[in-house]
1. How many residues, within the range 141-164, are over 16 Å from Gln75 (Cα atoms) and touching a residue at least 60 places away in the same chain (Cβ under 8 Å)?
2. I need every pair where a residue in the range 228-244 that is among the charged types (D, E, K, R) has its Cβ under 7 Å from the Cβ of a residue that is surrounded by 17 or more Cβ atoms within 10 Å (Cβ to Cβ) and not in a strand (DSSP E or B), sequence separation at least 6 or different chains.
3. Which of (1) crowded, with 20+ Cβ neighbours inside 10 Å; (2) farther than 28 Å from Arg291 by Cα is the odd one out, the single condition Ala245 does not satisfy?
4. Which residue out of Arg43, Arg37 is buried (at least 22 other Cβ atoms within 10 Å of the Cβ) and among the basic types (Lys, Arg)?
5. Tell me which helices (runs of 4 or more DSSP H) are completely within the range 1-118 and hold 2 or more residues being under 14 Å from Val174 (Cβ atoms), or say none if there are none.
Amino acid sequence: MLIECVPNFSEGRDPAVVEAIVAAMAVDGVSLLDFSRDPDHNRSVVTIAGSPAAVIESAVRGACKASELIDLTSQQGVHPRIGAADVIPFVPVKDISLEQCVLFARQAGQMIWESCGIPVYFYEAAAARPDRALLEEVRRGQFEGLRDAVRREVARRPDVGGPSLHPTAGACAVGARRFLIAWNLYLDTSDVATARAIAREIRASGGGLSGVKAMGVLAHGEAQISMNITDYRQTPLSTVYAAIAEKAARFKVSIVRGELIGLIPEEAAEQESEWLRLFHEFDPEEKILERKLRSPLSWPVPAHSGSRLK
């Protein structure tokens with residue numbers, strides 16, 4: 001049995017803090033496949049894989065370390081967030097079902113509350129309520145809005161723990177889902193309104209492409225379309241790219257480069273496709289899941305344990 005877990009932490013600017021969190025996740029039986037920082041989104045994404053029990057323990061350790069080092073009352077970034085350990089999804093990889101991952105997500109959520117006092121919301125396949133299946137609904141209002149809402153509305157309170165959020169680490173959304181591809185495309189303009197208009201047209205919630213979540217943001221001084229592709233078999237990345245290129249042309253702008261956050265399954269990496277050629281240094285050994293499973297990263301050893309952000 002092999003599962004993947006992709007924790008997202010609300011810190012992407014301080015490498016010492018990110019490395020301290022990742023180092024805390026080192027557990028026998030868990031492979032570190034990838035981790036990256038995004039200063040503009042102020043977010044880091046970690047990809048681990050291994051046996052279910054070991055991966056759960058690793059994820060819980062990461063959530064607890066993040067709660068020690070990240071203070072959401074002073075954290076800022078363009079990416080929506082409700083917690084220091086913002087989302088922790090469990091993904092089936094080999095000899096395991098999505099239904100089993102739901103049970104692992106529920107177990108991890110209970111452990112996070114008991115170990116470090118972080119209340120938990122369950123989302124996607126692990127959702128305990130239909131209105132919490134969509135992550136964007138769980139995160140509505142972000143940390144600040146949710147912090148206030150749980151005091152007024154019983155319906156917004158966590159599934160585990162609470163009822164109030166942790167004062168500095170917020171809450172954690174723990175879920176079970178199929179493989180998701182996090183993908184950013186940059187336009188040759190700094191006009192974020194253009195990126196937002198294109199994102200509105202292509203995302204599924206706006207009547208666009210099935211399995212596509214998208215938002216327009218300003219990153220590195222460039223307009224960026226930040227996407228999650230939740231079903232790459234139904235909507236391949238080449239289809240998404242063609243739709244964005246066509247809509248961008250209407251605004252008289254072009255796609256100039258792409259960025260994958262985390263890993264991509266081998267069957268989703270369409271060889272010789274136009275979107276893949278946007279990556280000047282796409283290294284299959286570093287970005288394709290199946291290859292990283294054969295050659296994982298070494299766990300970082302931080303120079304110091306870090307301290308809470310001020």
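Just so it is clear, none of the values below were taken in a lab; they were calculated from the coordinates. Quantities reported herein were computed from a predicted structural model and do not represent experimental measurements. We place every Cβ from the backbone using ideal geometry, glycine too, and count neighbours over all the protein chains shown.
1. Of all residues in the range 141-164, those over 16 Å from Gln75 (Cα atoms) come to 148-164.
When the remaining residues are screened for being touching a residue at least 60 places away in the same chain (Cβ under 8 Å), the result is none.
Residues flagged as over 16 Å from Gln75 (Cα atoms) and touching a residue at least 60 places away in the same chain (Cβ under 8 Å) within the range 141-164 amount to 0.
2. Asp231/Gly211
3. Just one mismatch for Ala245, condition (1).
4. Values: Arg37 fails: buried (at least 22 other Cβ atoms within 10 Å of the Cβ).
Criteria check complete, one pass: Arg43.
5. Values: elements: 15-24, 52-69, 98-116.
Helices (runs of 4 or more DSSP H) meeting the threshold: 52-69, 98-116.
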